[in-house]
1. Which of the three applies to region 31-211, rounded, prolate or oblate, going by the alpha-carbon gyration tensor with a ≥ b ≥ c and a/c under 1.5 meaning rounded?
2. Contact order normalised by length for region 214-304, with contacts defined as Cα pairs under 8 Å and 6 or more residues apart; what percent is it?
3. Just rank Ser453, Ser231, Ser102, Ser364, fewest to most, by other beta-carbon atoms within 10 angstrom.
4. Just want to confirm a number: the relative contact order over the chain, from Cα pairs under 8 angstrom separated by 6+ residues, in percent.
5. Determine the distance separating the Cα centre of region 472-529 from the Cα centre of region 235-291; give it in Å without decimals.
6. Taking region 225-314, which trypsin sites (Lys or Arg not before Pro) meet the DSSP loop condition and have no more than 15 other C-beta atoms within 10 Å?
7. Using only the Cα atoms of region 525-609, what semi-axes does the equivalent ellipsoid have when each is the square root of 5 times a gyration tensor eigenvalue? Give whole Å, largest first.
8. Computed over the Cα atoms of region 42-146, what is the ratio Rg over Rh, Rh following Kirkwood?
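No value in this document is a laboratory result; all are computed from the given coordinates. None of these values were measured; they are calculated from a predicted model. So basically every Cβ, Gly included, is an ideal-geometry build from the backbone, and we count neighbours across all protein chains shown.
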Amino acid sequence: MRAWITLALAWTLCSLATADTLRPPLLLTARAAAQDLSGRWAYSKDLYRTGFTDINGWPAKPRMQRFRDVDVAATEAKGGVGFFEYDLDRAPMLDIPGAWNSALPELRYYDGLMWFQRRFDAPVKPGRRSFLRFEAVNYRSTVFLNGQEVGRHEGGFTPFVVEITQALRETGNRLVIGVDSKHDAQAIPAEITDWDLYGGITRPVKLFQTPATFIDDATLRLTDAGRLVGSLQLNGAQSANQAVSLRIATLGVTLQARTDTNGEARFDTAAPAGLKRWSPESPTLYDVEFEASGDRVRDRIGFRTIAVRGSEILLNGQPVTLRGISIHEEEVGPNPARRIDEAAARRLLTEVKTGLHGNYVRLSHYPHNETMLRVADELGLLVWSEIPVYWSIDWDTPAVLDRARRMQAETIYRDRNRAALILWSIGNETPVADNRTRFHTALAQTVRALDPSRLVSAALLVERQGDILHIADPLLPQLDVIAVNTYAGWYGDDTLEAVRQLRWDVPKDKPLLFSEFGADALAGFRDPVLKPKFSEDYQADYYRATLAMAAQVATLRGMSPWILKDFRSPRREHPVYQNGWNRKGLISETGQRKLAFDVLAEHYRAQRP
């Protein structure tokens, strides 16, 4: 009994942690000047984790410690009884950022610990501080610089920053990162998913140098009351009582403030009459400049409002229908490596904006590269962002909830200046149970505490009784927007004619989204007569039937069918149609459009205002 009470108390304290405790210690948002460490990195496989531990859990032997700052070749040349079982200076190389699974055939399904090394020089200036910002490392990472551990992080899709001021040297820096892609029951996501492993340093690593006291974070948004409100956070010994300023030159806005004892300053002013609100039809962005303590950062920010009223979603006070699609973070090409640069992001999002006539994209099932959000801002695509609380995880362990909440916070602090982002999702297809609902409720509370200006949703499962589909999830009171995944006509025994006859029993006081529906099709496989599953013909008819069914749902306010592009998944191994690919894309992995692409595009074209 005592153990149960202790666990319950720990879970409660975790769920009630304040927003301040979830704020990452370092953010470095909106900083442009940096030394990009992308390029060729050495790597060394370590499946049994001998770089950390020896047999029986003992500390690793020095001959195995890949993070040591030692010239192995020079030491070997001196002779003696000692020896090494690694040498990252002479190890093979691969391109970073990018998942190791796509680098070489022998690494395709490697899942475990990998060591990476990058040598670099850096100017060390008196009075300046130095940081490394990792935009994403999947999944657990331990960072060493010149033999000294400087940071750790867990989570494969959110940024983290480590300070290296004391460890950095002018020349010959040895940056070593131990990256462990292995997931367990307490990881987020857990061990089983329907997407690829993609271990490694999958997004850029950058070196930043700042003044001793610098702008760590700055934000600005438009409120429902028509005011511009924001904040600026200083980091450093001289953070308190500092004069700060905000400037939007094109609007003639200049604001002054002072930081409090915690180094934070706040801004609040009426929006100028000339401000143009951001929308998919007119994605206006403004250059916003923040300045304090001799430091300056700039961001491109759009201003809009988002709200719900009954079963309507209101963008800038007007009802909006979300014409969208779901996307995984994979670039178009036969061997994606989760290497999303601006060109790759534009390639994907342009298919949505101009190809499908869309105004919305669901970035599934984890926070995507920041570049995707910024390109969505520019193109005018509304965004759903999600953390990977996916299927089933350990709902009862407080540390797991804390991990999820920190992932959510890292995403919010990174992306809260993006006008495109309107929906925070707190989960996908999780099985209904009391412990799961408590977990999600804590996540919803986290989102509202950190960012009350956006809407909360989750992709739910449905219940079925005959031809009636119900949404009776106990999580509904925590959501602003209901979202459901439905695959009738693909999974199960329904004919497509039966799909057209399905009816929905849903709450009438909240907007509903179809967050997923879809059917597999191998690009180029046509059979207009039999229309078997996996054919383009069946997929196109599936879309026609599902769209006809959707048209009967009175509260439906949008959809994001599954999915824009075929994506890698080790679960999908039919030797003719799949071969490690989920084929529900409307385009193939190389960008070939399938018949269903035009079906959805025509549907959205007819819906445009």
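1. On the way: a/c = 1.66, a/b = 1.05, b/c = 1.58.
Oblate shape, in that a/c is at least 1.5 and b/c is the bigger or equal ratio.
2. Details: 202 pairs, mean separation 27.3, N = 91.
The normalised contact order for region 214-304 reaches 30 percent.
3. Going from sparsest to densest Cβ surroundings: Ser453, Ser231, Ser102, Ser364.
4. 12
5. Computed from Cα coordinates, the inter-centre distance equals 43 Å.
6. Those that pass, being in a loop and sparsely packed, are Lys276.
7. Values: eigenvalues 122, 44, 30 Å².
With the √(5λ) rule applied to region 525-609, the semi-axes are 25, 15, 12 Å.
8. 0.99
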